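Report on the following structure.
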Amino acid sequence: MKASYLSPAVGQYILAHSTRPDELLDELAAETREATGPDAGMQISPDQGRFLTMITQLVKPTLAVEVGTFTGYSSLCIARGLAGGRLRCFDVSEEWTSIAQRYWEKAGVASRITLTLGPATESLRALEEQIDLAFIDADKINYPAYYELVMERLRPGGLVLVDNTLWDGYVADPSYEDEMTRRMREFNDLVMNDPRVTSVMLPIADGLTMIRKK
């Protein structure tokens, strides 16, 4: 359970009362832990994965975009929720996304996904299509840039989901003044004060902000 700001009992209760991931997702999570070691914490949690699938099913995007793919858990969850749409994934690591591609094939969703390697800012600038749904979960320093590039291409009524916005709860603790905590607070303030959107911050995993373009 990634929501460290919740008591362990509440976290386990949430997991116990959410639909369990299937064997393929469990297999991917296990391989990610083995292959990436401490970096495995970058993988989203099972409850967050289920949420991504459900949101995708509700939005029914023609084009979904993911900024930050890692080993593919979140992209697999989004792709499974697609109903005829496509997912564009942007990442910089050929090593980690090679794991993702194997699992897309295993899940039978590879034909729905296009992976582009390279800086996501450049990939997004080159994207000429309209976005219906986006998930941002990459390097936090560039969150404002990713957000703006996605917003410029997001259709009215489209959704952006941004991960890690509670930052282990540190954003709400004034005693934490390290650079990354300050940057996440600044991003959260940026979204809150953006007149183009309405937003809600959800206590899912490490904090997930849902943003709707007006």
Pick from the range 183-193, criterion charged (D, E, K, R) and within 14 Å of ALA145 (Cβ to Cβ), ranking: surrounded by the most Cβ atoms within 10 Å (Cβ to Cβ): ARG183
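Yes/no matrix, rows are residues, columns are (1) under 15 Å from ALA3 (Cβ atoms); (2) of a type outside the set (Phe, Trp, Tyr); (3) open to solvent by less than 20 Å² (accessible area, probe 1.4 Å):
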{"site": "GLN130", "(1), (2), (3)": "no, yes, no"}
{"site": "LEU133", "(1), (2), (3)": "no, yes, yes"}
{"site": "ASP137", "(1), (2), (3)": "no, yes, no"}
{"site": "LYS140", "(1), (2), (3)": "no, yes, no"}
{"site": "GLU152", "(1), (2), (3)": "no, yes, no"}
{"site": "PRO156", "(1), (2), (3)": "no, yes, no"}
{"site": "VAL160", "(1), (2), (3)": "no, yes, yes"}
{"site": "ASP168", "(1), (2), (3)": "yes, yes, no"}
Close pairs (7 angstrom Cβ cut-off, 6 or more residues apart or separate chains): touching a residue at least 40 places away in the same chain (Cβ under 8 Å) in the range 91-116, part of a helix (DSSP H, G or I) and of a type in the set (Asp, Glu) anywhere: ILE99/GLU31
Criterion: of a type in the set (S, T, N, Q) and out of contact with any strand residue (DSSP E or B) (no Cβ under 8 Å at 6 or more places or on another chain) - qualifying residue of SER74, SER45: SER45
Every pair of residues 6+ apart whose Cβ atoms lie under 8 Å, when the first sits in the range 138-153 and is under 13 Å from GLY68 (Cα atoms) while the second is assigned to a loop (DSSP other than H, G, I, E, B) and at pLDDT 95 or above: ALA138/GLY68; ASP139/GLY68; LYS140/ASN164; TYR146/ALA138
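Would you confirm whether or not the range 44-67 contains a residue that is without any contact (Cβ under 8 Å) to a residue 12 or more places away in the chain, open to solvent by 50 Å² or more (accessible area, probe 1.4 Å) and of a type in the set (S, T, N, Q)?
Within the range 44-67 (the criterion being without any contact (Cβ under 8 Å) to a residue 12 or more places away in the chain, open to solvent by 50 Å² or more (accessible area, probe 1.4 Å) and of a type in the set (S, T, N, Q)), the answer is no, since none of the residues qualifies.
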Failed criterion for ARG155 (all others in (1) within 23 Å of ASP91 (Cβ to Cβ); (2) not in a loop (DSSP other than H, G, I, E, B) hold): (1)
Unmet requirement for TYR147, which otherwise passes all of (1) open to solvent by 10 Å² or more (accessible area, probe 1.4 Å); (2) over 22 Å from ASP47 (Cα atoms): (1)
Residues located in the range 40-82, provided they are modelled with pLDDT of 95 or more and small (Gly, Ala, Ser): GLY49, ALA64, GLY68, GLY72, SER74, SER75, ALA79, GLY81
Subset tally (residues that are part of a helix (DSSP H, G or I) and within 19 Å of ASP39 (Cα to Cα)) for the range 77-101: 8
Matching entry among SER123, SER199 (being free of Cβ contacts under 8 Å to residues at least 40 places away in the same chain, among the small types (Gly, Ala, Ser) and part of a strand (DSSP E or B)): SER199
Pairs, first open to solvent by 80 Å² or more (accessible area, probe 1.4 Å) in the range 1-28, second of a type in the set (Gly, Ala, Ser), C-beta under 6 Å, six or more apart: MET1/GLY11
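The values are calculated or read from the model by the stated rules, or taken from the named source; none is laboratory data. Because the structure is a prediction, the values reported are computed rather than measured. Positions of Cβ are backbone-derived with ideal geometry, glycine not excepted, and every protein chain shown enters the neighbour counts. These area figures cover heavy atoms from the full protein model, side chains too; ligands, DNA and RNA do not enter into them. Shrake-Rupley method; radii C 1.70, N 1.55, O 1.52, S 1.80 Å.
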